[in-house]
1. Scanning region 111-155 for residues that are of a type in the set (Asp, Glu) and part of a helix (DSSP H, G or I), which turns out farthest from GLU166 (Cα to Cα)?
2. In the set SER303, SER290, which member is surrounded by 17 or more Cβ atoms within 10 Å (Cβ to Cβ), in contact with a Ser or Thr (Cβ under 7 Å, 6 or more places away or on another chain) and polar (S, T, N, Q)?
3. Can you spot a residue in region 198-217 that is assigned to a helix (DSSP H, G or I), touching a Pro at 6+ places or on another chain (Cβ under 8 Å), assigned by TED's automatic domain parsing to the domain that holds LEU347 and buried (at least 23 other Cβ atoms within 10 Å of the Cβ)?
4. Within region 338-388, which residues are within 25 Å of the chain's Cα centre (by Cα), hydroxyl-bearing (Ser, Thr, Tyr) and either surrounded by fewer than 18 Cβ atoms within 10 Å (Cβ to Cβ) or assigned to a helix (DSSP H, G or I) (or both)?
5. Quickly run through region 285-307 and pick out the residues that are part of a loop (DSSP other than H, G, I, E, B) and in contact with a Leu (Cβ under 6 Å, 6 or more places away or on another chain).
6. If ASP131 passes every condition in (1) surrounded by 14 or more Cβ atoms within 10 Å (Cβ to Cβ); (2) within 21 Å of the chain's Cα centre (by Cα) but one, which one does it miss?
7. All but one of (1) over 27 Å from ASP335 (Cβ atoms); (2) in contact with a helix residue (DSSP H, G or I) (Cβ under 8 Å, 6 or more places away or on another chain) hold for ILE266; which doesn't?
8. Are any of the residues in region 310-317 farther than 21 Å from ASN128 by Cα and either out of contact with any Leu (no Cβ under 7 Å at 6 or more places or on another chain) or free of Cβ contacts under 8 Å to residues at least 24 places away in the same chain (or both)?
Amino acid sequence: MRVAMFHWGFPPIIGGVETHLTMLCPELVGRGHEVSLLTGSVDGGREDDCYHGVKIKRTPLMSLNWLYKRGFESLEDKVEEIFSTFLDDSEADVVHAHNMNYFSELHAGMLKRLAKERDLPLILTAHNVWDDLLFLKLSRDTGWDHIIAVSNFIRKELVGIGIADEKVTVIHHGIDVAKYATGDMQYLERCPQLEGKRFILHPARIGIAKGCDVSVKALGLIKKRFPDLILVFTGSKNIIDWGMYQQKDIAYILHLIKVLDLEGSIIIDAFSRDEMAGLFQAAELCLYPSSFDEPFGLALLESMAAGKPIIVTDTGGMPEIIQDGREGFIVRRRDFEAMAEKAIMLLENRGLRECMGREARRTAEDKYTREIMTDKTLRVYEKVLASR
């Protein structure tokens, strides 16, 4: 099977969808399928590349940070040219788009027309939902043959806006669980101050939506019991920042850290995937207190695969993944006091941390591997092709 993938970003751009693609696309290739991906440009990156057998085509016409600054005016001919050439070169049997039911009516409309002209099935993976007219229109009117939702929460939202129940399939994310079972200490080259220190990890892009301010406030309480504890934030750069909010969020979070006199207790940096595996292994526990309706939270699986308990909020799809009191804890959105209380409980009780960590690892191995995710995705492809 030949699959043409479309998404706005791919590593070195970091994020949940980008990580998802690094799992799904090479796994498809490993099973004998041909996969091509059209994605956004990166500074210093090549236009044509290969990632574990996946053919990568980059263009600024798929770069959301560039498009946000530039606007969409007078781009129709250029988008048509790059989309047409990509589809023809890939000789696709299936077109699989990720989060192209948002951001640009031009791109979604062009993909719809070109797929129809070539009689190609059009599949969407919806990694997020948004409460606005653009999401409503492009989710309903693009003519997706089938939609994959990354959580039951996303599926519920899609059905709630009138998409037929039988056209939506839930496929949870999957990861390479073996990668997080071990990890070296590469991160110490970047952060030598962590050597010999106990630390907790907040593995998400820096932003208010991801609850970074909540983690800072929780740390202020945790340090009353554990004064030497360090909090590590990851994902400070190389993100898709539609709306250019991150720098504003970082400025606020840095000021909050200063106000709470926590400057020596928090590390904010960007880490490679190999460094992240080591960080997960060395961390005492993880925090993921999203303040918005987190559609899934792929970092939950990375934490679980590393055998670490994680504390999350009761938002979006996260309560589908974490069972309160088993793989970690669930607290109310923005409740930094409850988060601190649960973190202190785990930090004080090594046996509890290890027990929850084992359960987390077992759950990741049983439910959330890239092999399981790929099996289910292929079944959707086969179902759509058979129906045509």
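The values are calculated or read from the model by the stated rules, or taken from the named source; none is laboratory data. Here the structure is a predicted model, which means the values were calculated and not measured. We place every Cβ from the backbone using ideal geometry, glycine too, and count neighbours over all the protein chains shown.
1. At the first step, the residues of region 111-155 found to be of a type in the set (Asp, Glu) are 117, 119, 131-132, 141, 145.
Now narrow it down to the ones that are part of a helix (DSSP H, G or I): 117, 141.
Details: GLU117: 25, ASP141: 16 Å.
It comes out as GLU117.
2. Numbers: SER303 fails: in contact with a Ser or Thr (Cβ under 7 Å, 6 or more places away or on another chain).
That would be SER290, the only listed residue that is surrounded by 17 or more Cβ atoms within 10 Å (Cβ to Cβ), in contact with a Ser or Thr (Cβ under 7 Å, 6 or more places away or on another chain) and polar (S, T, N, Q).
3. Let us first name the residues in region 198-217 that are assigned to a helix (DSSP H, G or I), namely 212-217.
This time we only want the ones that are touching a Pro at 6+ places or on another chain (Cβ under 8 Å), so: 214-215.
Then keep just the ones that are assigned by TED's automatic domain parsing to the domain that holds LEU347; that gives 214-215.
Restricting the remaining residues to those that are buried (at least 23 other Cβ atoms within 10 Å of the Cβ) gives 214-215.
For region 198-217, residues assigned to a helix (DSSP H, G or I), touching a Pro at 6+ places or on another chain (Cβ under 8 Å), assigned by TED's automatic domain parsing to the domain that holds LEU347 and buried (at least 23 other Cβ atoms within 10 Å of the Cβ): present.
4. Across region 338-388, the qualifying residues are THR363, THR374, THR377, TYR381.
5. Here is the first cut: in region 285-307, the ones part of a loop (DSSP other than H, G, I, E, B) are 285, 289-297, 306-307.
Selection gives LEU285 alone.
6. (1)
7. Of the numbered conditions (1) over 27 Å from ASP335 (Cβ atoms); (2) in contact with a helix residue (DSSP H, G or I) (Cβ under 8 Å, 6 or more places away or on another chain), the odd one out for ILE266 is (1).
8. For region 310-317, residues farther than 21 Å from ASN128 by Cα and either out of contact with any Leu (no Cβ under 7 Å at 6 or more places or on another chain) or free of Cβ contacts under 8 Å to residues at least 24 places away in the same chain (or both): absent.
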